[in-house]
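Below: the structure, in structure tokens.
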Amino acid sequence: MSASGEAAGAAAGYAPHPYIGGRSAALRALAAWRMRWPGAPRVVVLTGNPGSGRSRVVAGFLMLCDPEYRKQLPVDELDPATVPPDLPAPVVPDVRGLTAAQVLWLLADHLDLAAGRATDVFAELGAREEPLAIVVPDVDRAGPVRAAGEPARLVRELLAPLAATPTVHLLADVPRELAAELAGALPSGQVQVIDLDEAEWADPEGLVLHAETALDPEAGAPDLPFTTDPADRREFAEALARRADGNRLTVQLAVQSLCTHAEGFDPEDEAQLPATVGDVLDLHARRLGADPQTLRQMLAPLAFAEGDGLPVELWRPLADAVAGRDMGRVIADGMLLAAPFVEPVEAPVDEDEDDDEDNNGASGPAADAEPATRTLIRLTHPALAAEIRSGLPDPRDTQTRIAMALLEAVPQQDWSRADRYVRDHLAGHTLDAGLLPQLLVDPGLFTYADPITLRTAIEAVPLDQLGAPARTYLRTAPLLTRSGAPADMRAALLETAFVEDDLQPYAEALHGLGLELPWRTLWSLPLAGVASVTAGTLPATEESDPAAPGTGRRPVAALVVPAGTPGSQAVPGTDRPEPEASADAEPPSTATALLLHDLLRPGYVEADPAQVLRPSEEERAAAPYGLSRGADYLRVWDRASGDVVTALLSDSPFRDAELTPEGVLVVATERGVTARQILAPAPAPAAATTEAAAPTVPAQAAAPTQAATEPAGTTSADAAAHGRPHGPEGDHS
């Protein structure tokens, strides 16, 4: 289990791992962890400098752990101490681009845990009878927003509790700055830190073998004086590895650079051998007769790119912004210059929007068709991006230039027409530039940006630096992320939130986006303790306008509130009409009173509650809409067809709800009361003598279910097929 075993393994004639080409000492330690040898640590933290090869070691080890994949490997030729037993594959969550909470619920769903809260997940894992092996690679790539610090949150909120759970055997690939924090929380006998840059684990011979293999023409390298002859190739590989001081990424990029363009290279001149990743960039540029600074400016937009990469169409305008000049010719003629350092990625084109808006969750050929793809471009390694960013004179100024160029790329500031990358990742760029609070005043951005990414970026800003619209978005974001709702429903939920927070201009702006919102929020009361809500009419007076059309009566909402609420009146006696309370409403624990409010506009009503006239049963039966209620959602449905018109989620428990024949939905939650005018096209009225059709969806739910956590018409399978994560809360918020 130490580096001294490298020479012993070679002497015994064992073949190197075909993917890693070495690292036998580290593989022995990982195999001991997997087979749970007596004395082996329960938790292994793999770390090292950027470019040390952590991801490659973990990938090679997982090849040996997967029962199907190991059949493709020459297991009998490998050192037996590096080969774990033939056990079921460990659990391996892919944390790239995910928040810590998303990864937690990814694990919970994979393991079929019944937990409803984060603490319950760890409790259930701790109650297991059999140990559970979990491998978490690429912790440094966690999070949808680079500047939000998600790797640290992942370590503190997920990996540390997992490591402290006795039934969990954890292997995590962690950046050095977080490795000590994770290991320091456990007793020394339970944790082992494998630092790939320390002499015990460094494996310089494996690095030479890696370089030698990459330079072999049989592996695809060009025929060059230092690649065709085996002895020269070996000598050159040793020189490369020695000069790079063991850094795998430096050697890999150097080989890629030489294979792209070796003209003018002298292998005997050690000054032409790179010692760092930055040296590779500079030496490559000079060999091609270019200014190293030009290469760095060319690659800078990719170094700051968020997500899976930068759309190739945005590369040039962002490079122009970084350099402060026209970089079109540089990029057009510079593919050979950039080739060793970039790679293309094919990504779906607006897959979520296509499925949600065009197919409406339908199945069949249109929904199952292969989505169109677009080409993204990215740097080959995060450490290369970090080197380019750190080498700029003022990284924040560069990020500001990029952010401004992205903002200018929004056509006429219409976010519905903006490139998906701009919509989803502008917040990440402005966060890194220190400009995000100034951006958070645009309802269009709130509507069209990916809620998980935008929420993650906003949460990284101190709350006292956020304006009122951003704070409203932040409190509404859990509803947006948990539901995976399309843009129109996101706009509707935000519209109500803005009205609740007395930000009516922002609510009105959402109605001007050209979306078909399912409702308009008429008013909102921050009134706690409402036990039930009913709707009715009062006789119209000269001052009471508007009135219900053709009735000469004024629509009102009657709210049952705690006695003593300002403006409330005593509940009428049993010999007087009393507004009906929902069967689901909690019985009031104290004396109650009645508060009257105008149904169609803000404002309390002073009137005798005994004059409130409730709709008749015939009027209710003839109403075009019906209302059904689940644990944390309401659904409005078309009585004639049974189709769902809209669904309403709430981040506060429902107390009661009433839907008037005219389609005004009054809802009481623990936070207060809102009234919404349903805007969906009204179906043909049902005949009063005909029994209303039952809705085609469940009317009630005893506990939060799929129906409670997805927009109407969407199933969990739909969400998975669309590639939509369920958000930081998962299905368990």
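The values are calculated or read from the model by the stated rules, or taken from the named source; none is laboratory data. These numbers were taken from a predicted model, which means no experiment stands behind them. Cβ atoms come from the backbone with ideal geometry, glycine included; neighbour counts cover every protein chain shown. Heads up: the accessible areas ignore ligands, DNA and RNA and are worked out on the full protein's heavy atoms, side chains in. Shrake-Rupley method; radii C 1.70, N 1.55, O 1.52, S 1.80 Å.
Is it true that some residue in segment 91-101 is at negative phi and in contact with a Phe, Trp or Tyr (Cβ under 7 Å, 6 or more places away or on another chain)? No, segment 91-101 has no match at all. The condition of being free of Cβ contacts under 8 Å to residues at least 40 places away in the same chain and among the hydroxyl-bearing types (Ser, Thr, Tyr) holds for only one of Thr227, Thr250, that being Thr227. Restricting segment 164-175 to residues that are surrounded by 18 or more Cβ atoms within 10 Å (Cβ to Cβ) and over 24 Å from the mean Cα position of the chain (by Cα), which is nearest to Ala40 (Cα to Cα)? Taking the candidates together, the pick is His169.
Answer yes or no as to whether Val43 is surrounded by 22 or more Cβ atoms within 10 Å (Cβ to Cβ) and more than 27 Å from Leu384 (Cβ to Cβ). For Val43, the condition - surrounded by 22 or more Cβ atoms within 10 Å (Cβ to Cβ) and more than 27 Å from Leu384 (Cβ to Cβ) - is met.
Within segment 601-619, the residues that satisfy the criterion of being farther than 20 Å from Pro566 by Cα and open to solvent by less than 60 Å² (accessible area, probe 1.4 Å) are Arg614, Pro615, Ser616.
Within the set Glu662, Glu618, the sole residue that is more than 45 Å from the chain's Cα centre (by Cα) and either modelled with pLDDT under 95 or among the small types (Gly, Ala, Ser) (or both) turns out to be Glu618.
Within segment 21-35, identify whether any single residue is out of contact with any helix residue (DSSP H, G or I) (no Cβ under 9 Å at 6 or more places or on another chain), aliphatic (A, V, I, L, M) and more than 30 Å from Val277 (Cα to Cα), and answer yes or no.
For segment 21-35, residues out of contact with any helix residue (DSSP H, G or I) (no Cβ under 9 Å at 6 or more places or on another chain), aliphatic (A, V, I, L, M) and more than 30 Å from Val277 (Cα to Cα): present.
When Ala366, Ala372, Ala362 are checked against the criterion of being among the hydrophobic types (A, V, I, L, M, F, W, C), in contact with a strand residue (DSSP E or B) (Cβ under 8 Å, 6 or more places away or on another chain) and at pLDDT below 95, a single residue qualifies: Ala372. Of everything in segment 4-39 that is open to solvent by less than 30 Å² (accessible area, probe 1.4 Å) and in a loop (DSSP other than H, G, I, E, B), the residue that is modelled with the highest pLDDT is Arg23.
For segment 311-334, residues that are in a loop (DSSP other than H, G, I, E, B) and of a type outside the set (Asp, Glu) total 4. For segment 149-163, a residue qualifies if it is within 22 Å of Pro50 (Cα to Cα) and buried (at least 23 other Cβ atoms within 10 Å of the Cβ), and the qualifying residues are Glu150, Leu154, Val155, Leu159. Those helices (runs of 4 or more DSSP H) of segment 436-540 in which at least 3 residues are of a type in the set (A, V, I, L, M) and closer than 20 Å to Tyr633 by Cα, considering only elements entirely within it, cover 468-483, 487-500.
Of the residues in segment 89-111, at least one is part of a loop (DSSP other than H, G, I, E, B) and more than 28 Å from Gly51 (Cα to Cα). Among what's in segment 205-247 and is of a type in the set (Val, Ile, Thr) and open to solvent by 20 Å² or more (accessible area, probe 1.4 Å), pick the residue that is farthest from the chain's Cα centre (by Cα). Among residues in segment 205-247 that are of a type in the set (Val, Ile, Thr) and open to solvent by 20 Å² or more (accessible area, probe 1.4 Å), the one farthest from the chain's Cα centre (by Cα) is Thr228.
So, Ala180, is that one among the hydrophobic types (A, V, I, L, M, F, W, C), surrounded by fewer than 19 Cβ atoms within 10 Å (Cβ to Cβ), within 17 Å of the chain's Cα centre (by Cα) and in a helix (DSSP H, G or I) or not? Give the derivation first.
Details: among the hydrophobic types (A, V, I, L, M, F, W, C): yes; surrounded by fewer than 19 Cβ atoms within 10 Å (Cβ to Cβ): yes; within 17 Å of the chain's Cα centre (by Cα): no; in a helix (DSSP H, G or I): yes.
Here the answer is no, as Ala180 does not meet what is asked.
Can you tell me which condition Thr373 does not meet? The list is (1) over 17 Å from the mean Cα position of the chain (by Cα); (2) buried (at least 19 other Cβ atoms within 10 Å of the Cβ); (3) farther than 16 Å from Val145 by Cβ, and all the others hold. Among (1) over 17 Å from the mean Cα position of the chain (by Cα); (2) buried (at least 19 other Cβ atoms within 10 Å of the Cβ); (3) farther than 16 Å from Val145 by Cβ, Thr373 violates only (2).
Can you tell me which residues in segment 392-435 are among the β-branched types (Val, Ile, Thr) and assigned to a helix (DSSP H, G or I)? Break it down stepwise before answering.
At the first step, the residues of segment 392-435 found to be among the β-branched types (Val, Ile, Thr) are 398, 400, 402, 410, 422, 430.
Within segment 392-435, Thr398, Thr400, Ile402, Val422, Thr430 meet the criteria.
Quick check: is even one residue across segment 65-77 in contact (Cβ under 8 Å) with a residue 12 or more places away in the chain and among the aromatic types (Phe, Trp, Tyr)? Checked against the condition, which is being in contact (Cβ under 8 Å) with a residue 12 or more places away in the chain and among the aromatic types (Phe, Trp, Tyr), segment 65-77 yields no hits at all. Restricting to segment 183-211, name every residue that is out of contact with any Gly (no Cβ under 9 Å at 6 or more places or on another chain), modelled with pLDDT of 90 or more and not in a loop (DSSP other than H, G, I, E, B). Answer for segment 183-211, where residues must be out of contact with any Gly (no Cβ under 9 Å at 6 or more places or on another chain), modelled with pLDDT of 90 or more and not in a loop (DSSP other than H, G, I, E, B): Ala183, Gly184, Gln190, Gln192, Val193, Ala211. Note on segment 494-506: residues that are within 15 Å of Ala470 (Cβ to Cβ) and open to solvent by less than 40 Å² (accessible area, probe 1.4 Å) amount to 4.
Quick test for you: out of Ala528, Ala507, pick the one residue that is among the small types (Gly, Ala, Ser), at pLDDT below 95 and over 15 Å from Leu445 (Cβ atoms). Steps first, please.
Details: Ala507 fails: at pLDDT below 95.
Only one candidate qualifies: Ala528.
Whether any residue in segment 432-454 is touching a strand residue (DSSP E or B) at 6+ places or on another chain (Cβ under 8 Å) and surrounded by 20 or more Cβ atoms within 10 Å (Cβ to Cβ) is what I want to check. No: zero hits.
Leu62 meets the conditions (1) outside any loop (DSSP other than H, G, I, E, B); (2) open to solvent by 60 Å² or more (accessible area, probe 1.4 Å); (3) within 22 Å of Thr380 (Cβ to Cβ) in every case but one. The failed one is (2). Residue pairs whose Cβ atoms lie under 6 Å apart, sitting 6 or more positions apart in sequence or on different chains, and linking a residue in segment 189-216 that is farther than 30 Å from Arg36 by Cβ to a partner that is of a type outside the set (S, T, N, Q) and open to solvent by 60 Å² or more (accessible area, probe 1.4 Å), are Val208/Glu238; Glu212/Arg234; Thr213/Ala219. The test for being surrounded by fewer than 21 Cβ atoms within 10 Å (Cβ to Cβ) and in contact with a strand residue (DSSP E or B) (Cβ under 6 Å, 6 or more places away or on another chain) holds for Leu522. Suppose the filter is within 24 Å of Thr481 (Cα to Cα) and surrounded by fewer than 22 Cβ atoms within 10 Å (Cβ to Cβ); does Ser628 pass it? Yes; evaluated as a whole, the condition is true for this residue.
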